[in-house]
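Here is the structure we will look at, set down as structure tokens.
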Amino acid sequence: MDSQDWDDRYAASELVWGAAPNRWVVRELADAAPGHALDLAAGEGRNAIWLADRGWEVTGLDFSAVALERAERLTAELPDEVADRLTWRHGDARTFDAPAAGYDLVLVAYLQLPAADRRTVLCRAAEALAPGGTLLVVGHDLSNLTEGVGGPQDPAVLFTPEDVLADLDGLGLHTVRAERVHRTVGGEPGHQGVAAGSSGVAVDALVRLERAVA
């Protein structure tokens, strides 16, 4: 899907992914000390807003102008001390520029791209990490096609934890966690293929890595 496709999807409904942060983001980062974070493909901002509420200075980047407009509207409803910690940028995760100081956290959540583009994004994300920084990658696992529900049905844009590790091999990151995780979903926002009133289990790939302290 290109940026116009995503603009159309976001314009068609309110809060495509809901307002609550992703459960794996919460599990992995709830106890992390706040710093400077980059949320790549931030969408409507649910994860970035949650991080800002916990004290992080967050830049949310997305190539859908409609999604970012919605994120800005949500930001306007937040307390000033939280809103002031959020910056929204319109851009492409494959070509973004990171500040020289780098980020303490780079989050890549449910950015489903063909393998070559995914590798480009993940390598740029790794390069954007400050010493001691964390890269958290979460997405629909390839096995979700046959063992799970919802998510993209094109295997070309799905991946495994092993794919992520291969993409980042040689970049000097330490693997904290690389696993498949199971997420019970119902007919809530964003879960295509799950009928209202029913539930199922989605299979996600989760990889958490860290850059060594210089």
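Which ones in the stretch 93-107 are charged (D, E, K, R) and open to solvent by less than 40 Å² (accessible area, probe 1.4 Å)? First the steps, then the outcome.
The first filter runs over the stretch 93-107 and keeps only residues charged (D, E, K, R), leaving 94, 97, 104.
Selection gives nothing.
Is there a residue in the stretch 156-178 that is at pLDDT 95 or above, within 19 Å of A20 (Cβ to Cβ), out of contact with any helix residue (DSSP H, G or I) (no Cβ under 7 Å at 6 or more places or on another chain) and surrounded by 15 or more Cβ atoms within 10 Å (Cβ to Cβ)?
Looking through the stretch 156-178, none of the residues is at pLDDT 95 or above, within 19 Å of A20 (Cβ to Cβ), out of contact with any helix residue (DSSP H, G or I) (no Cβ under 7 Å at 6 or more places or on another chain) and surrounded by 15 or more Cβ atoms within 10 Å (Cβ to Cβ).
Which residues, counting only those in the stretch 131-152, are open to solvent by less than 10 Å² (accessible area, probe 1.4 Å) and closer than 19 Å to T59 by Cβ?
If the condition is that a residue be open to solvent by less than 10 Å² (accessible area, probe 1.4 Å) and closer than 19 Å to T59 by Cβ, then G133, L135, L136, V137, V138 are the ones that fit.
Suppose the filter is β-branched (V, I, T), farther than 21 Å from G132 by Cβ and touching a residue at least 60 places away in the same chain (Cβ under 8 Å); does V66 pass it? Before the answer, list the steps.
Details: β-branched (V, I, T): yes; farther than 21 Å from G132 by Cβ: yes; touching a residue at least 60 places away in the same chain (Cβ under 8 Å): yes.
The answer is yes for V66.
When only residues in the stretch 108-130 that are more than 14 Å from D169 (Cβ to Cβ) and touching a Leu at 6+ places or on another chain (Cβ under 7 Å) count, which is surrounded by the most Cβ atoms within 10 Å (Cβ to Cβ)?
Among those residues, the one meeting the criterion is A125.
Look through the stretch 46-85, keep the residues that are part of a strand (DSSP E or B) and not hydrophobic (A, V, I, L, M, F, W, C), and return whichever of them is most open to solvent (accessible area, probe 1.4 Å).
First, the residues of the stretch 46-85 that are part of a strand (DSSP E or B): 57-62.
Keeping just the survivors that are not hydrophobic (A, V, I, L, M, F, W, C) gives 57, 59-60, 62.
Working: E57: 76, T59: 23, G60: 0, D62: 11 Å².
Per the criteria, the residue is E57.
If you check every pair at least six apart or on different chains, which have Cβ atoms under 7 Å apart with a residue in the stretch 183-210 that is modelled with pLDDT under 95 and β-branched (V, I, T) first and a residue that is open to solvent by 60 Å² or more (accessible area, probe 1.4 Å) and not in a strand (DSSP E or B) second?
T184/S199; V185/S199
So the check is Cβ under 6 Å with 6+ separation or different chains; which pairs have a first residue in the stretch 90-109 that's among the charged types (D, E, K, R) and a second one that's modelled with pLDDT under 95 and open to solvent by 10 Å² or more (accessible area, probe 1.4 Å)?
Sorted first by the residue in the stretch 90-109, then by its partner, the pairs are D92/F63.
This table checks each residue for (1) within 21 Å of E28 (Cα to Cα); (2) under 17 Å from the mean Cα position of the chain (by Cα); (3) part of a strand (DSSP E or B).
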{"residue": "A116", "(1), (2), (3)": "no, no, no"}
{"residue": "T120", "(1), (2), (3)": "no, yes, no"}
{"residue": "A125", "(1), (2), (3)": "yes, yes, no"}
{"residue": "A130", "(1), (2), (3)": "yes, no, yes"}
{"residue": "G139", "(1), (2), (3)": "yes, yes, yes"}
{"residue": "L145", "(1), (2), (3)": "no, no, no"}
{"residue": "V149", "(1), (2), (3)": "no, no, no"}
{"residue": "V164", "(1), (2), (3)": "yes, yes, no"}
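Would you confirm whether any residue within the stretch 3-10 is modelled with pLDDT of 95 or more, buried (at least 19 other Cβ atoms within 10 Å of the Cβ) and outside any loop (DSSP other than H, G, I, E, B)? Write out each step before concluding.
Filtering the stretch 3-10 for residues modelled with pLDDT of 95 or more gives none.
Scanning the stretch 3-10, I find no residue that is modelled with pLDDT of 95 or more, buried (at least 19 other Cβ atoms within 10 Å of the Cβ) and outside any loop (DSSP other than H, G, I, E, B), so the answer is no.
The values are calculated or read from the model by the stated rules, or taken from the named source; none is laboratory data. Since we're looking at a predicted model, the values are computed, not measured. Methodologically, a virtual Cβ is constructed for each residue, glycine included, from the backbone with ideal geometry; neighbour enumeration extends over all protein chains shown. When the accessible area is computed, the model is the full protein with side chains, heavy atoms only, and any ligands, DNA or RNA have been set aside. Shrake-Rupley method; radii C 1.70, N 1.55, O 1.52, S 1.80 Å.
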